[in-house]
Amino acid sequence: NPTGVTASRFIADVENVNTLFSDGLVSMLVDCLKIIGIAVSIFCFSFRLGLLTLLLIPAVFGVSRFFRSRMLKAQTANLEQVGLVNNQLDESVKNAAMIKVFHKEAYMEERFGLALEENFRTKERVNLYSSCYAPVIQLLRSAAIVLVVLLSSSQMNLLGMSLGMAAAAIDLITGLLG
């Protein structure tokens, strides 16, 4: 591997491990306890609503897994591109005199420009997946809220809950999917 790729990956890996231990584990534990607490609360309101809510969890898990796998591929490609750009920059600076003697400035500029364009494309893919995840989760949350409202309406009353309980359940579902 070129020096820039190795350095870029090493720096990113060290940052990721640091973030995992400082924020990730505590956050994961808090999120798990929060999910359990919310699920128990929803079951206390209505057993049917609890079952319905449990059906949402695989959907959220599937969406999250879909985006996570694509995000990982995009981030890996981006890290490789950052490494290649760093490597080309390092080589250009070290060999500036030779590039000038052989009149290869235009060639090196074009080569570096292509590497920057590819880096931009890989970063765009990372940003695309990152920006699409939250709206998809928002859509799932909205669909769950609409379903609760419809099923607890006075015409259907399939969940056996009052309007106040339905409002509280909607708040809990928002917390679960938020």
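The values are calculated or read from the model by the stated rules, or taken from the named source; none is laboratory data. For clarity, every value in this text was computed on a predicted model and none was experimentally measured. Counting neighbours? That spans all protein chains shown, and the Cβs are built from the backbone with ideal geometry, glycine included. These area figures cover heavy atoms from the full protein model, side chains too; ligands, DNA and RNA do not enter into them. Shrake-Rupley method; radii C 1.70, N 1.55, O 1.52, S 1.80 Å.
Scanning the stretch 146-164 for residues being crowded, with 17+ Cβ neighbours inside 10 Å and closer than 16 Å to S41 by Cα gives a total of 3.
When residues in the stretch 110-138 are screened for being open to solvent by less than 80 Å² (accessible area, probe 1.4 Å), under 19 Å from the mean Cα position of the chain (by Cα) and of a type in the set (A, V, I, L, M, F, W, C), 5 of them pass. Going through (1) more than 31 Å from the chain's Cα centre (by Cα); (2) closer than 20 Å to S46 by Cα; (3) of a type in the set (K, R) one by one, R141 falls short only on (1). Within the stretch 63-90, restricting attention to residues that are closer than 30 Å to K104 by Cα and among the aliphatic types (A, V, I, L, M), the residue that is surrounded by the most Cβ atoms within 10 Å (Cβ to Cβ) is V82. Note on the stretch 82-127: residues that are hydrophobic (A, V, I, L, M, F, W, C), in contact (Cβ under 8 Å) with a residue 24 or more places away in the chain and either under 29 Å from S64 (Cα atoms) or in contact with a Phe, Trp or Tyr (Cβ under 8 Å, 6 or more places away or on another chain) (or both) total 4. Is there any pair linking a residue in the stretch 40-56 that is within 11 Å of L159 (Cβ to Cβ) to one that is hydroxyl-bearing (S, T, Y) and modelled with pLDDT under 90, with Cβ under 6 Å and at least six apart or on different chains, and which? So the pair list comes out as I42/T53. Taken over the stretch 31-62, residues that are more than 17 Å from the chain's Cα centre (by Cα), exposed (fewer than 13 other Cβ atoms within 10 Å of the Cβ) and either at pLDDT below 85 or of a type in the set (F, W, Y) (or both) amount to 1.
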